[in-house]
Amino acid sequence: MMKQLPLDRLPELFRKISEKKTVIAPIQSAGQVNFGVWTEDSILRLDALKTVKSAKGAFFPQVEDIVRFRMEGKKIDIHPADVLTEEFVIFGVRGCDARSFELLDRVFLSDPVDPFYAARRQHGTVVTLACNEPEETCFCTNFGIDAADPAGDVTCWIAGDVIYFRANTEKGIAFTADLESAENESPVEELKKNITEILKKLPFGALNLTGFDGDHLMERFNDPRWSELARGCLGCGTCTFVCPTCQCYDVRDFDTGSDIQRYRCWDSCMFSDFTLMAHGTNRPTQTERFRQRFMHKLVYFPSNNEGLYSCVGCGRCLEKCPQSIHIINVIKALGVNKDA
């Protein structure tokens, strides 16, 4: 059963939720829209199609404490960081970002399970929002994502001055329990039809992914066109930091003066010092690092995860790469296996 709420009463709903749970939503700050903790003074931007950084930070933060050490002589006191125990709601997640959570689950919830990520997934409720006006840089349809009807604990649609809610899980049922039942669901159905028509017209909505699979791994790996594709790549890592599915991280120690703080932070396979060890690195050139990023998303990951690509077609890398070198270029250049 679908529920509804006048859009101008959404702050009222957030206010009620925040009495017991933290509310995370698209918030405008310093001219940019990113997911952040909602407060009465926040500038809520549900009209923004995509946040600059993805929603993955709610479950996989950019910086996260792991443990602290204190040494006194030969004695070492170890204080592991606490896992999250507070409930929270992340509101306004688009379909592409919602799919990224499923992909990250396959990384962080596989043995050995990451306790910090697992705790956030346990205590987080995901409320998704349909994309009323997908942009030309969107290509989520290639990966089976429906921007008109995204997944999540709750799915929302904004039609006119009303926001509609549909619970999909037990968490979603609890979230929508106090909302009024929708008297008429036809505005949602009409909106979904309009969105679907837009999705059909997107320039990158029907890419050819033929040949990006485990059966053609060495063919893709040894393709001589990688050097040409990678030419001009600065190795800045922008694409990985805005990407919803990148999960590389580094673990570092910081001497606070009284103890050692061990934390993890996002890293990038595009950096020259990524996985750097005493003997050097196994990917010394930018071409090799460039190839690693896209081979992982389009070949390695799907070959190990029932065909699921490690890309959700959000288009952030298309928008943010300073050299316009991105995954669409790779798919168009290498994706068609003429011998298949």
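All of the numbers you see were taken from the coordinates with simple rules; none came from a lab. All values derive from a computational prediction rather than experimental measurement. Ideal geometry is used to build each Cβ from the backbone, glycine not excepted, and the neighbour counts take in all protein chains shown.
Can you tally the net charge around residue 230? Count Lys and Arg as +1, Asp and Glu as -1, for every other residue whose Cβ sits under 12 Å from the Cβ of residue 230. Summing Lys and Arg as +1 and Asp and Glu as -1 gives +3.
Derived scalar couplings between HN and Hα for region 258-272 equal 10, 7, 10, 9, 9, 9, 10, 8, 4, 10, 9, 5, 8, 7, 5 Hz in order, rounded to whole Hz, by the Karplus curve 6.51 cos²θ - 1.76 cosθ + 1.60 (θ = phi - 60°), x for Gly and Pro.
Of the peptides 294-303, 13-22, 157-166, the ranking by mean beta-carbon count within 10 Å, highest at the top, reads 294-303, 157-166, 13-22. Listed values for region 179-191 are Karplus-derived 3J(HN,Hα) couplings in whole Hz (6.51 cos²θ - 1.76 cosθ + 1.60, θ = phi - 60°), namely 7, 7, 5, 6, 7, 8, 9, 4, x, 5, 5, 5, 5, and x replaces Gly and Pro.
Annotation for region 53-118: trypsin sites (Lys or Arg not before Pro) lying in DSSP loop with at most 10 further Cβ atoms inside 10 Å of their Cβ are 74. On a C-alpha basis, how far is the centre of region 65-96 from the centre of region 121-150 in Å? Whole number, if you could? If you average the Cα positions of each part, the centres end up 29 Å apart.
Helical content alone sets the calculated 222 nm signal of the chain at -7500 deg cm²/dmol, taking -39,500 (n - 2.57) per DSSP H segment of four or more residues and averaging over every residue.
Backbone amide hydrogens, once placed in the peptide plane, bring residue 249 within less than 5 Å of 267, excluding anything fewer than 5 places away on its chain. The peptide list 278-291, 142-155, 200-213, put in order of mean Cβ contacts within 10 Å with the highest first, becomes 142-155, 200-213, 278-291. Each residue of the chain gets 172 Å³ once the volume of the Cα convex hull is shared out per residue. Descending by average beta-carbon neighbour count within 10 Å, the peptides 314-323, 232-241 line up as 314-323, 232-241, the highest first.
Of the trypsin sites (Lys or Arg not before Pro) found in region 207-253, the ones in coil according to DSSP and having at most 14 other Cβ atoms within 10 Å of their Cβ are 225, 231. 3J(HN,Hα) couplings calculated from phi for region 15-25 with the Karplus curve 6.51 cos²θ - 1.76 cosθ + 1.60 (θ = phi - 60°) are, in sequence order, 4, 5, 5, 5, 5, 10, 9, 6, 10, 10, 8 Hz; Gly and Pro show x.
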